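The values are calculated or read from the model by the stated rules, or taken from the named source; none is laboratory data. Just so you know, these numbers come straight off a predicted model, no measurement behind them. FYI the Cβ positions are ideal-geometry reconstructions off the backbone, even for glycines, and counts take in every protein chain you see.
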Amino acid sequence: MIYYIHQITKRSFYESEFILLPYFLYSCKHRKYLSEAFETLTMGEEKLKRSIELGVGHLKIGVSSTLCKYLLLPYLKEFIRQNPHISISISCQSTNDTLKLLEDNKIDIGLIGKPENLKNINFDFLEEIEDIFVAAKDYLRNLKARGIQKDHILQSSTLMLLDKNNMTRQYIDDYLQENQIIIKDSIDISDMDLLIDFARIGVGVACVIKNFVREDLENGTLVEIPLGFPIHKREVGFAYKTTTKPSKSLAEFIHFYKTYR
């Protein structure tokens, strides 16, 4: 199709040149410009043809920094190995902001926590995540020395949580309110890796995703704080719009993660 248009365009230029010969006076300069234009057009065609043959494309992914590090990277590593000619752009922000980018067609797909409203969104479940509260042994030892009981740790500690515009924070706020747990001292932190690091050095009690601190729990660096009412697990997965036909690159990625295990 593109090659055919090129031929028509090329012929039209030559016909126009023939008609305008008296005006151009067989100018070598104009012939040079036309020749360079045709060469550029031909090179563009060849490059596009080769791109199609190689499967060259572009995929734009939205994800939070936490999910990117712990969940997305293993998928990307294998996908890139299988599809080296697809370039990938990653935009890191909260799930709420990722959904907004999807709505505005600024990204192709997002890795998100499952939202309540899935209007015009296809959500493919990836795995469950569990929110827990953790602290360093020394921090808990100091609380105990002050006479703080296990069932009052959250109310009596410095509680470290993600920012209020984060979906995880909103989920935890709902949990605290439902169970009438009143927080006296809290710190808002924008990144879960920082939450984990601050908990390790004894700054306070951090709300983190259990899947991402298993090693710390196993080696005793962090201790999970028992809760009277457990926090319900959440689903995370890939989401993309149902109202837009997937590009070839997106279709390749969807097929990949559905078959990758």
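Residues to consider are 114, 60, 137, 144; find the one that is free of Cβ contacts under 8 Å to residues at least 40 places away in the same chain and not aliphatic (A, V, I, L, M). First the steps, then the outcome.
Values: 114 fails: free of Cβ contacts under 8 Å to residues at least 40 places away in the same chain; 60 fails: free of Cβ contacts under 8 Å to residues at least 40 places away in the same chain; 137 fails: free of Cβ contacts under 8 Å to residues at least 40 places away in the same chain.
After ruling out the rest, the residue left standing is 144.
Scan 117, 165 and give me the residue that is under 22 Å from residue 212 (Cβ atoms), assigned to a loop (DSSP other than H, G, I, E, B) and not acidic (Asp, Glu). Lay out the reasoning, then the answer.
Values: 117 fails: under 22 Å from residue 212 (Cβ atoms).
Checking each option against the conditions leaves just 165.
Exactly one condition in (1) in contact with a helix residue (DSSP H, G or I) (Cβ under 9 Å, 6 or more places away or on another chain); (2) at pLDDT below 95; (3) within 25 Å of residue 72 (Cβ to Cβ) is not met by residue 181; state its number.
Residue 181 satisfies every listed condition except (3).
Select, from 133, 125, the only residue that is aromatic (Phe, Trp, Tyr) and surrounded by fewer than 18 Cβ atoms within 10 Å (Cβ to Cβ). Write out each step before concluding.
On the way: 133 fails: surrounded by fewer than 18 Cβ atoms within 10 Å (Cβ to Cβ).
Answer to the check: 125.
For (1) part of a strand (DSSP E or B); (2) of a type in the set (Ser, Thr, Tyr); (3) in contact with a strand residue (DSSP E or B) (Cβ under 9 Å, 6 or more places away or on another chain), each residue gets a yes or a no:
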position	(1), (2), (3)
155	no, no, no
159	yes, no, yes
181	no, no, no
198	no, no, yes
207	yes, no, yes
236	yes, no, yes
239	yes, no, yes
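Quick one: residue 53 ticks every box in (1) at pLDDT 90 or above; (2) out of contact with any strand residue (DSSP E or B) (no Cβ under 8 Å at 6 or more places or on another chain) except a single one, so which number is it?
Condition (1) is where residue 53 drops out.
Go through region 68-121 and give me each residue that's over 22 Å from residue 260 (Cα atoms), among the acidic types (Asp, Glu) and at pLDDT 90 or above.
97, 103, 104
Take residue 252 and decide whether it is part of a helix (DSSP H, G or I), among the charged types (D, E, K, R) and within 15 Å of residue 70 (Cβ to Cβ). Lay out the reasoning, then the answer.
On the way: part of a helix (DSSP H, G or I): yes; among the charged types (D, E, K, R): yes; within 15 Å of residue 70 (Cβ to Cβ): no.
Spelling it out, it is not the case that residue 252 is part of a helix (DSSP H, G or I), among the charged types (D, E, K, R) and within 15 Å of residue 70 (Cβ to Cβ).
Against the conditions (1) modelled with pLDDT of 95 or more; (2) part of a loop (DSSP other than H, G, I, E, B), where does residue 227 fall short? Just the number, please.
(1)
Checking residue 143 against (1) in contact with a Gly (Cβ under 9 Å, 6 or more places away or on another chain); (2) surrounded by 12 or more Cβ atoms within 10 Å (Cβ to Cβ); (3) in a helix (DSSP H, G or I), which test does it fail?
Residue 143 satisfies every listed condition except (1).
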